[in-house]
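The block underneath contains the structure these notes are about, expressed in structure tokens.
What follows is calculated from the coordinates using simple rules that are stated; it is not laboratory data. Model, not experiment: these values are computed from the prediction. In this analysis, Cβ positions are derived from the backbone assuming ideal geometry, glycine residues included, and neighbour counts consider all displayed protein chains.
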């Protein structure tokens with residue numbers, strides 16, 4: 001099953017929040033992404049059905065192995081692209097915003113080339 005960009009964003013958000021919070025809930029995602037509770041609930045339902053996310057009896061969200069793999073890939077891309085753009089002279093906030101747009105569409109070949117370039121620095 002091919003995951004959509006919005007699904008990748010939700011998975012990345014769960015990963016980010018799991019690094020900051022003892023437990024991630026839908027309300028945390030809603031607040032972090034500034035999305036409505038019904039929108040988040042619908043998205044989490046889709047991600048749960050696709051087996052990217054598990055929800056326990058307390059409403060705490062965890063990523064499945066597949067969900068974690070996707071989230072980590074997007075998160076690493078975001079961080080690398082942000083750093084790359086900052087090195088080019090883009091301010092941090094703009095770089096992060098632009099990286100968020102690029103991270104879902106960049107080819108593996110281009111990403112790998114940027115990674116190699118950044119590792120040489």
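Structure summary
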read-out: Fully extended contour minus Cα-Cα distance, from residue 92 to residue 39, at 0.36 nm per residue; value: 16.2 nm
read-out: For segment 74-119: rounded, prolate or oblate by the Cα gyration tensor [a/c cutoff 1.5]; value: oblate
read-out: In degrees, nearest ten, helix 92-102 long axis to first principal axis of the chain (Cα); value: 70 degrees
read-out: Stokes-Einstein D for the chain, Kirkwood Rh over Cα pairs, 37 °C, 0.692 mPa s (µm²/s); value: 217 µm²/s
read-out: Over segment 5-69, equivalent-ellipsoid semi-axes from the Cα gyration tensor in Å; value: 14, 13, 12
read-out: Full-stretch length increase - residue 64, residue 119 - with 0.36 nm per residue and alpha-carbon distance subtracted; value: 16.8 nm
read-out: Net lengthening on full extension, residue 101/residue 31 (0.36 nm per residue, minus Cα-Cα); value: 23.2 nm
read-out: Peptides ranked, highest mean first, by Cβ atoms within 10 Å: ranges 106-113, 52-59, 64-71; value: 64-71, 52-59, 106-113
read-out: FRET efficiency, residue 23 to residue 49 (Cβ-Cβ, R0 25 Å, nearest 0.05); value: 0.70
read-out: C-alpha long axis of helix 37-49 to longest principal axis of the chain, angle in °; value: 90 degrees
read-out: The chain: angle of helix 5-20 to the longest principal axis, Cα-based, in degrees nearest 10; value: 80 degrees
read-out: Helix-derived mean residue ellipticity, 222 nm - over the chain, DSSP H n ≥ 4, -39500 (n - 2.57), to 500; value: -22000 deg cm²/dmol
